[in-house]
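Asks: This structure is in structure tokens; I'll ask about it shortly.
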Amino acid sequence: MSKHEPSPLFHRRHVLAGGIAGSALLLGARAGARARSLPSEAVEPRGAIAPIAEGPYMLTPLPWKDDALAPHISANTISFHYGKHHAGYVDKLNKAVAGNKKYDEVALTKAIELAAKDPADAAIFNNAAQTWNHTFFWASMKPGGGGEPTGRLADKLKADFGDFATFKKQFADAAASLFGSGWTWLVMKEGKLAIEKTSNADTPIARGVRPLLVLDVWEHAYYLDYQNKRADFIAAYLDKLVNWEFAMENLGG
Ligand code: MN
């Protein structure tokens, strides 16, 4: 893949959705869209997961078992965060678009872009963005993750931040200092890697900015395991969970 081609995330999205919406993960697949094969370890987490039987937007499966990130993120946290919060956003999104022709047959990322332009569609934007952000967050972590990236991504981090330790400190500081609820992202912007903070449901893809990784710093992401110690949750993400292979895939070749 040449460096001018879109990353797998965006490329596959195009193939699947026939437009700029969709993703490698089938983020927010529409009912009827054929799902790509999922990792063999992908399972529905145990516990009370809210069924999302009605489309058109669907809750994507987790890429690992619900206890796979323990002890850094417990199965109990996943049961609420995925099974209640993430599922709830999908459910509310489906209710928000019901009967709205503007969103008929519109893939999730396209719905985010459309809704971002119209203040009247704030409920659609919030629930669509939260639906997409959470699927991206799950993929940003893996059991046995953390450490440092290698190859082109390592070189690019060094070029744009000076060294990996500086990137890590800046990312951790951004996540710790985010006021209220939101997300901390590693993005590719104008040819450079950068750290972005977004509040509430906001997402870089609403502005055409390409994310590589994300950390959810809403309190619901860590409170059951860490209570008010957000910094410990951030450290666990960076040291034990972050999925550099996913970031590399999003960086593209
Ligand atoms: Mn969340």
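All of the numbers you see were taken from the coordinates with simple rules; none came from a lab. The structure displayed is predicted, hence computed values, not measured ones. Cβ sites come from the backbone with ideal geometry, for glycine too, and all protein chains shown count toward neighbours.
Asks: Cross-link partners among lysines for residue 84, C-alpha distance below 17 Å, same-chain residues fewer than 8 apart left out?
Replies: Qualifying lysines at Cα under 17 Å: 65, 92, 95.
Asks: Note down the nm distance, to one decimal, between modelled labels 7 Å out along Cα→Cβ at residue 207 and at residue 154.
Replies: 3.1
Asks: Please turn the phi angles of the range 178-188 into ³J(HN,Hα) values with the Karplus equation 6.51 cos²θ - 1.76 cosθ + 1.60 (θ = phi - 60°), one per residue in order, whole Hz, x for glycine and proline.
Replies: 5, 7, x, 9, x, 9, 10, 10, 9, 10, 9
Asks: Another question, if that's okay. Provide the packing ranking of 206-218, 158-170, i.e. peptides ordered by the mean count of other C-beta atoms within 10 Å per residue, highest first.
Replies: So the peptides 206-218, 158-170, ranked by packing, come out 206-218, 158-170.
Asks: Using only C-alpha atoms and all pairs of different ones, pull out the Kirkwood radius for the range 151-251 in Å with one decimal.
Replies: Computed over the range 151-251, the radius equals 13.9 Å.
Asks: Next question, about the same structure. Quickly rank 174-186, 112-124, 82-94 as a protection proxy: mean count of other C-beta atoms within 10 Å, highest first.
Replies: 82-94, 174-186, 112-124
Asks: Right, next: Nearest 0.05, what FRET efficiency do residue 95 and residue 117 give at R0 = 25 Å with Cβ-Cβ as r?
Replies: It comes out at approximately 0.75.
Asks: Across the range 151-251, how many lysine pairs separated by 8 or more positions, or lying on different chains, have Cα atoms within less than 27 Å?
Replies: Taking the range 151-251 as the scope, the lysine pair count is 28.
Asks: Grab the beta carbon distance between residue 104 and residue 75, set R0 = 22 Å, and tell me the FRET efficiency rounded to 0.05.
Replies: The formula returns an efficiency of 0.05 here.
Asks: When a/c reaches 1.5 or more, the comparison of a/b and b/c decides; with that in mind, is the range 142-210 rounded, prolate or oblate per its Cα gyration tensor?
Replies: Since a/c reaches 1.5 and a/b is larger than b/c, the shape of the range 142-210 is classed as prolate.
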